[in-house]
Every structure is written in C-alpha cells, then in structure tokens.
Amino acid sequence: MRDNVKLIKQCQKKSEKAFDELYRTYSSLIYGICLRYTKDEHDAQDLLQECFIRIVNKIGDYSYKGSFEGWMRRLSVNQALNYLKSKKQFMSEDVSEYEIIADDFNNDIISEMSAQEIIKLINKLPDGYRTVFNLHVIEGYRHTEIAEMLGINDVTCRTQFKKAREALIALINENK
C-alpha cells in the first residue's frame, strides 16, 4: 500500500510516468472487468481505455479511504454500465433461443470446468442477464443496488438474475 500511496500522489500531480505505471500495474485487472461486461476483446479494449481515462480524470477525488483497487473497480464497473447503455445493449436482446432448464444439473460439471470455460459461457448470456449476473455474483452488489444502478426496479433485477442463472445452467448442461 505504501507504494500505491506514492503512485497515487504522483498521478494526482499529473505525472505521465506515474500514469504509465498505474496502467501497467492495473490494466489486467480493469481489462478483466471490461471483458465481463462486453462480448468481445475489441469492445473490452475500447472500454479499458475509457475506464483509464475516467480513472485518470477522477484520481484527484480519491481520498485514501478504503481500497484504491476497490475505488478503481467501482469506477470501471460504472463506466462499463455507461458503455452498455450508450450502445443500447442493455436488456435489449431476444432470449427466446435460451431454453430455461434448471433441473438435471450436476455441480460436478462446474468443478471440472476451467475459469475460462465458465467465463465463455457467461459471455454467451444476453447483455442484460450477463450484466446483472456479473454485478451480483462477481462484484457482490445487492439486487436493490443493482436495480438503482441500472434504473430498473428490484423485481426486474431479481428476475433477470434468476433467468441468467437458469440460462447459464442450460448452457453448462449443453456442454456436458
């Protein structure tokens, strides 16, 4: 954390060298977030740049309370949501191709899958499902928080999450 404080202070003083180091240090973390909210690497790379522009522009607001990494994650998630909204992708896809089958699910299948295989399946979910799933399961937000962030009601959020889980189970069962 001591090195982070020095790096953050240098970034707040607009040091280009510090910005480069910040990018090298945290770009893989932020890129992972971007990939979870977009469907392809090109969009994730575009979003990564937008996230870092936002981080650099807001770094002066960082108050050294709480985790710097958490602060960057929160900014990046919000930027990802804005990106999806600007692309008009959020909750606009037809989900009729996803047969919702929640029975006959074996947890052993997941334990045999790699993290990359699971992420690929999550990325097959429609944007709305994937977004709510990521915010709840991976980012740890409560449904009421997600609903507020996305401008939807709590019931819609819970329904999107339930359908995301069911669709993910169906996709996992297809890959047995």
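Of the residues that sit in the range 114-140 and are hydrophobic (A, V, I, L, M, F, W, C) and over 14 Å from the mean Cα position of the chain (by Cα), which one is modelled with the highest pLDDT?
Top of the filtered list is Leu121.
Taking the options Cys34, Cys51, name whichever one is without any contact (Cβ under 8 Å) to a residue 40 or more places away in the chain, in a helix (DSSP H, G or I) and under 27 Å from Lys120 (Cβ atoms). Walk me through how you get there before you give the answer.
Working: Cys34 fails: without any contact (Cβ under 8 Å) to a residue 40 or more places away in the chain.
It is Cys51.
Return the residues of the range 141-176 that are among the β-branched types (Val, Ile, Thr) and either surrounded by fewer than 20 Cβ atoms within 10 Å (Cβ to Cβ) or modelled with pLDDT under 90 (or both); say none if nothing qualifies.
Within the range 141-176, Thr144, Ile152, Val155, Thr156, Thr159, Ile169, Ile172 meet the criteria.
Can you spot a residue in the range 140-155 that is farther than 21 Å from Arg73 by Cβ, in a helix (DSSP H, G or I) and not assigned by TED's automatic domain parsing to the domain that holds Gln79?
Yes, the range 140-155 has at least one match.
For Ile138, which of the numbered conditions (1) surrounded by fewer than 17 Cβ atoms within 10 Å (Cβ to Cβ); (2) at negative phi; (3) without any contact (Cβ under 8 Å) to a residue 40 or more places away in the chain fails to hold?
(3) is the only condition that Ile138 fails.
Just give me the residues in the range 5-28 being surrounded by 14 or more Cβ atoms within 10 Å (Cβ to Cβ) and among the small types (Gly, Ala, Ser), in sequence order.
Once the filter is applied, which keeps residues that are surrounded by 14 or more Cβ atoms within 10 Å (Cβ to Cβ) and among the small types (Gly, Ala, Ser), the range 5-28 yields Ser15, Ala18, Ser27.
The values are calculated or read from the model by the stated rules, or taken from the named source; none is laboratory data. Because the structure is predicted, anything quoted here is derived from the model rather than measured. Here Cβ is always computed from backbone atoms with ideal geometry, including for glycine, and neighbour counts include all displayed protein chains.
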